[in-house]
Structure formats: structure tokens, C-alpha cells
Amino acid sequence: MPRFPRVAFPRVAFSRVDIPRLSILLAALGACTIVALYAGAGSAKPMAQWNMLDIAAEGSIALMACAWFVIVLRSRPQGRATTLLACGLAGLMLGTLAHCMDALFSVAVGQHWHHLVDSGITLAGMAGLTWGLLSWRKEQLRVSEHTQKREHLFRGHRSFDHLTQVADADYLRDQLSIAYASGKGDCSILMLDIDSFHLVNRDYGQREGDRVLQAVTHVLLLNLRSTDLLCRYAGDRFAVLLPHTPADIVQALGHQLRRAVGSLRHHTQHSGQPLMPTVRYTFRSVDAEPRQLLKELNRSLERRMPYQQGSDDASGVAVAI
């Protein structure tokens, strides 16, 4: 059979879309639609019938919700909590605007669409705002836990890596020696390596490579327990000391960390296309002298193939050595 050439479809760079500006434009379009709907389907009330107190109150709420909407979009990073907060505030703004239009225009008797418009949009906005606040609270709890881990690191007077601000290889070896000397055998170590990291330094420079390392460190910290110890072992290689953790839990955590890093989209300073780093990992129980243990873990990592995003192939899953 004849072989047909492959057709390479261009990838759309969604990172170049200005999400805050687009959201503001959509909200403005929604506000114009509501004003046009009331102006077209209703008739303007005489000024003598205006309830100035209601108009002032509802108009003020709409303006404040609009201001909060813009502030949230401009001051917060993109994410689920930001999207929910912005959608909720936009709904509150449009709902109160519809209430204000209801005070300026009269709708024919028997038509109830305006009640559905103002009440429905307002309720949807309040629901979205509530959901966004819950997501923001969850986000803040994780950030606080992250901060506590860092404070615990410095208060413990540990030696730390200056770039990633986590414990370094010397501290890892000290803790491995303590765990091995205890003889309990209930401590495990998980080692991770960023795939093809040398290409980042080659293509984008060492400064951008350092930013990638810092971003990966943040992702790892946010997905670890408060009792786990994250260390930068060497270069693009990290180690996690996991006390009182059986092998099945260690493997599940390794898979979770790999998926978390795989979801990272790192935007470089000189390219619109985001970098999508991946990691591979291996693990074992702390049942050997630290130097030999680290040597075997490094050898195991070097034998593993780089992880391919979107693949659930079992070859990408590490096993204990």
C-alpha cells in the first residue's frame, strides 16, 4: 500500500491569549446585552416613577462588583479559584445591573422573563462566588502548609539549597544515616529526575533552567505531606524522605508527584510556548548504608526511560529496587 506523508497541524498557542482582557470584554458585552434587552423589550419609566434609592443601591453594587471583578482578574494568577471568583462577581454585577434596569424600564404585564434574568443571574453569581471562595480557602490552606514547611526547614537549622530553598544533599545523607542507624526499616526514599532537563539549559539558558527547577520544587512541596522531607539531591534530581511509609503508599505518591509535575505549564520569558516538564522516579526502603543506597537509586533512575505525557504505559511506573 502507498504511504502517505504525515500532515503536521500547527499547535495553537493558547498562552498568548490575554485571559483577563478577554473576560472583561465578555462581561462588558453581557452588560450591553442586558441594557439593550430592557431597552428593546420594555418602555422607559417617567422620571417621577423612579425609585432613586433602589437605583443608587443597585447601581453601586453593580459598580463595586465590576471593580472587584477587574481586581481579581488583574491581581490573581490564572486558575480554578480565580475563574470561579471572577465568574461569580460578573454574575453579581450583571444581576444587579438587571435589577437597576428593572427600575428604569417597565415590562408589559404577563411577561416574567425579566424576573428570570435578574434573579437567575444574581443567584448564579452568588453560587459561583461562594464556590470560588471555598476554592480560594483551599488554595490558601495549601499555601500556608507550604510556608510552614519552609519555616520548619529554617528553624531546624538545616543546610539548604540556595536556589530551591529546600534541604540539600548533605542534610539528606545525614537523615538517611539516622534512619538507617535506627534499624526500624519503616522509612522509604523516593528519588525523582526531570527528563531531558539539559535541553532547557541549552535552548533557553541557565537562568530559565533555574526558574524551571524552582517551579518544579513548588509543585513537589504542594503535593507532599508535612512529615515528608524534600531535598535537592543534585542538579535536576530530587529526593524525598518518607518516614513510616510502606512501599505501596510510596509508589502511589511517586505517581501522584509525576502527574502533578506533568500538569505544570512553565511559561518562559522569551517564548510564547510553555515548557511542560516531566519526571521519572524510583524508590526503595532505607535498608542500606546511605552511600550505597543513593548509588543504587541513581543507577535505577538512569535505566528508566523518560516519561511521556498522556501515556499510562506501565513502563513509566517505577517499582521498588
Pairing a residue in the stretch 26-43 that is hydroxyl-bearing (Ser, Thr, Tyr) with any residue that is in a helix (DSSP H, G or I), where Cβ atoms lie under 6 Å and the two sit 6 or more apart in sequence or on different chains, gives 38/101
Filtered residue count, the stretch 150-166, keeping only those that are modelled with pLDDT under 90, under 23 Å from residue 291 (Cβ atoms) and among the hydrophobic types (A, V, I, L, M, F, W, C): 1
Show me the helices (runs of 4 or more DSSP H) entirely contained within the stretch 134-253 in which 1 or more residues are surrounded by 18 or more Cβ atoms within 10 Å (Cβ to Cβ), hydrophobic (A, V, I, L, M, F, W, C) and touching a His at 6+ places or on another chain (Cβ under 6 Å). 206-222
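Does the stretch 47-58 contain at least one residue that is surrounded by fewer than 18 Cβ atoms within 10 Å (Cβ to Cβ) and not in a helix (DSSP H, G or I)?
yes
For (1) assigned to a helix (DSSP H, G or I); (2) within 30 Å of residue 267 (Cα to Cα); (3) more than 33 Å from the chain's Cα centre (by Cα), each residue gets a yes or a no:
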{"site": "40", "(1), (2), (3)": "yes, no, yes"}
{"site": "60", "(1), (2), (3)": "yes, no, yes"}
{"site": "63", "(1), (2), (3)": "yes, no, no"}
{"site": "66", "(1), (2), (3)": "yes, yes, no"}
{"site": "74", "(1), (2), (3)": "yes, yes, no"}
{"site": "84", "(1), (2), (3)": "yes, yes, no"}
{"site": "95", "(1), (2), (3)": "yes, no, no"}
{"site": "98", "(1), (2), (3)": "yes, no, yes"}
Could you check the stretch 29-43 and list, in sequence order, the residues that are exposed (fewer than 12 other Cβ atoms within 10 Å of the Cβ) and of a type in the set (A, V, I, L, M)? 29, 36
Those residues that are modelled with pLDDT under 85 and basic (Lys, Arg), I need them from the stretch 265-311; list them, please. 303, 304
Determine whether the stretch 256-279 contains at least one residue that is open to solvent by less than 10 Å² (accessible area, probe 1.4 Å), within 29 Å of residue 204 (Cα to Cα) and part of a strand (DSSP E or B). yes
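The values are calculated or read from the model by the stated rules, or taken from the named source; none is laboratory data. Quantities reported herein were computed from a predicted structural model and do not represent experimental measurements. Virtual Cβ from ideal backbone geometry, glycine too; neighbours counted across all protein chains shown. These area figures cover heavy atoms from the full protein model, side chains too; ligands, DNA and RNA do not enter into them. Shrake-Rupley method; radii C 1.70, N 1.55, O 1.52, S 1.80 Å.
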